[in-house]
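Novice: Below you'll find the structure I mean.
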Amino acid sequence: DSYLGAIYAGRELKDHFNRVLGVDGMLRVTPASMFQFNGLYSATKSGAASGQTPGHSIGVNYTYGTRDLDYSLSVNDISEEFSAESGYITRTGILGFAGLVRPKFYPQASVFQRVSIELVSAQTRDKFASSWETYNYVAIRPAFLGAMNATIQYAYATEIFSGERFKTGGLQAT
């Protein structure tokens, strides 16, 4: 159930290269919990006169899940200079922290099999803008009538784009 892996990807041209080397793994800590990690190092050289530019991407995550309670904590850091030309990176220059707590209740009512309350907080530091984004929500998720699920969620969220902060949260029902 646990594993350890490694990766290398490279792009070599006459006066240019991009090399990415990394490790990742997942370790079963207890029957109900896992520790996951990844780390990547990149080195890029653009042109004969330029030097090598290093970058990194690092992440750790701990999850715990039982019939009555789930929770997780994670930290991710992607440097401004991280580059992987052989793949797609949505965003560099961020530092993120996230946590989730989800207690689960099993009412005696015949209609509801389970009701989960989910609390999530994710904070992201945009290193280029020197600003923090946030994504926080509380949700109620009942499971009912055998195989039906619903969600009522309220989020307070902000996003940084071109140095400007936007509110992106609100009420959602599914």
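The values are calculated or read from the model by the stated rules, or taken from the named source; none is laboratory data. This is a predicted model, so every value here is computed, not measured. No Cβ is skipped: glycine too gets one built from the backbone with ideal geometry, and neighbour counts run over all protein chains shown. Note: accessible area is taken over every heavy atom of the protein model, side chains too, but ligands, DNA and RNA are not part of it. Shrake-Rupley method; radii C 1.70, N 1.55, O 1.52, S 1.80 Å.
Novice: For GLU133, all conditions in the list (1) assigned to a strand (DSSP E or B); (2) over 27 Å from GLU81 (Cα atoms) hold save one; what is the number of the exception?
Specialist: Of everything listed in (1) assigned to a strand (DSSP E or B); (2) over 27 Å from GLU81 (Cα atoms), GLU133 misses just condition (2).
Novice: Criterion first (among the polar types (S, T, N, Q) and more than 22 Å from THR66 (Cα to Cα)) does SER130 satisfy it?
Specialist: yes
Novice: Let me ask something else. Could you list, ordered by first residue, the pairs with Cβ atoms under 9 Å in which the first is in segment 43-54 and without any contact (Cβ under 8 Å) to a residue 12 or more places away in the chain and the second is assigned to a loop (DSSP other than H, G, I, E, B), at least 6 apart or interchain?
Specialist: Once the first residue is without any contact (Cβ under 8 Å) to a residue 12 or more places away in the chain and sits in segment 43-54, its partners that are assigned to a loop (DSSP other than H, G, I, E, B) give ALA49/ASP15; SER50/ASP15.
Novice: Let me ask something else. Which of the residues that make up segment 28-56 are touching an Asp or Glu at 6+ places or on another chain (Cβ under 6 Å) and exposed (fewer than 13 other Cβ atoms within 10 Å of the Cβ)?
Specialist: Of everything in segment 28-56, those that are touching an Asp or Glu at 6+ places or on another chain (Cβ under 6 Å) and exposed (fewer than 13 other Cβ atoms within 10 Å of the Cβ) turn out to be ARG28, GLY47, ALA48.
Novice: Follow-up. Which is in contact with a strand residue (DSSP E or B) (Cβ under 9 Å, 6 or more places away or on another chain), surrounded by 16 or more Cβ atoms within 10 Å (Cβ to Cβ) and in a strand (DSSP E or B), of GLY59, GLY25, GLY10?
Specialist: On inspection, the qualifying residue turns out to be GLY59.
Novice: Another one. Filter segment 62-100 for residues that are open to solvent by 50 Å² or more (accessible area, probe 1.4 Å), in contact with a strand residue (DSSP E or B) (Cβ under 6 Å, 6 or more places away or on another chain) and part of a loop (DSSP other than H, G, I, E, B) and give the result.
Specialist: If the condition is that a residue be open to solvent by 50 Å² or more (accessible area, probe 1.4 Å), in contact with a strand residue (DSSP E or B) (Cβ under 6 Å, 6 or more places away or on another chain) and part of a loop (DSSP other than H, G, I, E, B), then ASP68, GLU81, GLU85, SER86 are the ones that fit.
Novice: Which residue pairs have Cβ atoms under 9 Å apart, sit 6 or more places apart or on different chains, and have a first residue in segment 61-80 that is free of Cβ contacts under 8 Å to residues at least 12 places away in the same chain and a second that is surrounded by 17 or more Cβ atoms within 10 Å (Cβ to Cβ)?
Specialist: Taking only residues 6 or more apart or on different chains, not a single pair turns up.
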